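Bear in mind these aren't lab numbers, they're just calculated from the coordinates by the rules spelled out. Owing to the predicted nature of the structure, the values given are computational and were not obtained by experimental measurement. Don't worry about glycine lacking a Cβ; one is built from the backbone with ideal geometry, like all the others, and counts go over all protein chains shown.
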Number of protein chains: 2
Amino acid sequence: MSLPHAILTALLEKPSSGLELTRRFDRSIGYFWSATHQQIYRELRKLEGEGLIRALPSEQPARGQKKAYEVLAAGREELARWTAASQDPKPQRDALLLRLRAAAVVGTEGLEDDLRRHRELHARQLETYREIERRDFPPGRGGAEDRLRHLVLRAGIDLETFWTQWLDHALAEFAELDVRGRE
Amino acid sequence: MSLPHAILTALLEKPSSGLELTRRFDRSIGYFWSATHQQIYRELRKLEGEGLIRALPSEQPARGQKKAYEVLAAGREELARWTAASQDPKPQRDALLLRLRAAAVVGTEGLEDDLRRHRELHARQLETYREIERRDFPPGRGGAEDRLRHLVLRAGIDLETFWTQWLDHALAEFAELDVRGRE
DNA sequence: CCACCCATGTAAGTGGTTACATGATTAG
DNA sequence: CTAATCATGTAACCACTTACATGGGTGG
């Protein structure tokens, strides 16, 4: 039950239409809560029905016409309530770790290439995050909002750093297993 | 599409009944691919229907009677195929990071307690992983299977280490924001 | 006027969660 | 005999994914 709250956050940062939201999810919020345009449109209608957001009155609401939304007071309250509410962490699900465990039983044949590919994907994401950090969070520190957003970005940077390092470690292990295997 | 493969892996490690699998998911495989007993029973029947596993012939198949399964050759092949197949990483979804970003807009009121709670949960999980490491992977290194399984465990240890450290960092930041706020 | 992109939407299917049901076995 | 627990199962629901549809505007 987090997508509506992701959308409320994005709309509070800046009122937007569905497609604008979709793009911002691709670049920013989506780094830790991804969503497709189908999900976003559905949820926007639901939030409007619940009275948490409203369409900006400006224009004609025809199909194919841009429709921007803003958050109402009830929406801001709901977001504050959700943010403060105690929530248990979701159980983990990571397919790559599962595949490695499977490989311990059925063999590592073919896995190494994909590990290498994942390493590159994580390295690229890490570089993206670092660019955002250079651009948006220069050394002289800003206000409370900036510091919180920087904290979130640091989590992304540290997570991608972890994955690239761990995958390097895994690939080194694979190389050694190969050598032993050929002996 | 990973739950069937998680089950195949677990059954190859040791043929088991549904409930035994459920318990093992709670302790081990579930650390990176969680599943409830309902999911597991449903999937076991599906895998049996597809001819990837079979019920061990021993006993009467009545309701309330234990029924153990083992993996057939076709199941092992399917697992090997899946393990080697290239797969894209799933888009991230982390509610805690989302809440922090929301807090940058609606305020941090009430969040700190839950951050502290999460920190303790991650610290506890880290301790659990470390105990497993001491018990199952003593310094003198074992064969290829053990090294792969150890690699997976290391990912768990490093991830929980990251989270505890990041949450410490976040809590320190909160403490500082509080001081500034009161000035 | 045609191809392409913008913007919003529908529909079907999958995987996971939550709540509940039921028979068998065991401890007190 | 009863309550608790073991073991398996059903059903409803919800979030997300994937594939497709449709109207409006714009450039060649």
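A compact globular protein would have a Cα radius of gyration near 2.2 N^0.38 Å; the ratio found for the range A:88-179 is 1.40.
Taking Cα pairs under 8 Å and at least six residues apart, what relative contact order does the range B:47-136 come out at, in percent? Can you show the working numbers first?
Details: 34 pairs, mean separation 15.6, N = 90.
Relative contact order for the range B:47-136 comes out at 17 percent.
What does the convex hull of the alpha-carbon atoms of the range A:121-171 project to on average, in nm²? Don't skip to the end; give the middle numbers.
Working: hull surface 13.9 nm².
The directionally averaged projection comes out at 3.5 nm².
Over the Cα atoms of chain A, what is the Rg over Rh ratio if Rh follows Kirkwood?
Details: Rg = 21.4 Å, Rh = 19.7 Å.
Answer for chain A: 1.09.
Projecting the Cα positions of A:51, A:125, A:85 onto the charge dipole of the range A:10-148 (unit charges on Cβ atoms of Lys, Arg, Asp and Glu, taken about the Cα centre) puts A:51 furthest along the positive direction. Summarising the amide proton neighbourhood of residue A:16: residues at separation of 5 or more, or on other chains, whose placed amide H is nearer than 5 Å comprise A:69. Enclosing the Cα atoms of the range B:1-91 in their convex hull gives a volume equal to 101 cubic angstrom per residue. Measuring from the axis that maps chain B onto chain A, the chain B residue with the nearest beta carbon and its rounded distance in angstrom come out as B:162, 3.
DSSP loop (so not H, G, I, E, B), at most 11 other Cβ within 10 Å: list which trypsin sites (Lys or Arg not before Pro) in the range B:1-90 pass both filters.
Working: sites: B:23, B:24, B:27, B:42, B:45, B:46, B:54, B:63, B:66, B:67, B:76, B:81; in loops: B:63, B:66, B:67.
Of the trypsin sites (Lys or Arg not before Pro), the ones in loops of the range B:1-90 whose Cβ has at most 11 other Cβ atoms within 10 Å are B:63.
For chain A, modelled as a GNM whose springs connect Cα atoms under 10 angstrom apart, the maximal fluctuation among A:138, A:89, A:15 occurs at A:89. Sequentially through the range A:38-54, phi angles give Karplus couplings (6.51, -1.76, 1.60; θ = phi - 60°) of 4, 4, 5, 4, 4, 5, 4, 4, 5, 5, 5, x, 7, x, 8, 9, 9 Hz, Gly and Pro residues having no value and appearing as x.
For chain A, a Gaussian network of Cα nodes joined below 10 Å ranks A:49, A:18, A:110 by mean-square fluctuation, and the top entry is A:110. Label-point distances for residue B:177 to the equivalent site in the other copies, using a point 7 angstrom along Cα→C-beta, read 4.3 nm when ranked shortest first. Using a Gaussian network model of chain B in which every pair of alpha carbons under 10 angstrom is joined by a spring, one finds that among B:28, B:16, B:86 the greatest mean-square fluctuation is at B:86. Taking Cα atoms, how many degrees apart are the long axis of helix B:95-106 and the longest axis of chain B, rounded to 10 and kept between 0 and 90? The helix B:95-106 is inclined about 30 degrees to chain B.
Given a cut-off of 38 Å, what percent of all Cα-Cα pairs of the protein assembly as shown lie beyond it? Summing the P(r) tail past 38 Å for the protein assembly as shown gives 30 percent.
Count neighbours as other Cβ atoms within 10 Å of each site's Cβ, and list the GluC sites (Glu not before Pro) in the range B:1-104 that are DSSP loop with at most 13 such neighbours.
Numbers: sites: B:13, B:20, B:43, B:48, B:50, B:59, B:70, B:77, B:78; in loops: B:50, B:59.
In loop regions of the range B:1-104 (DSSP not H, G, I, E or B), the sparsely surrounded GluC sites (Glu not before Pro) are B:50, B:59.
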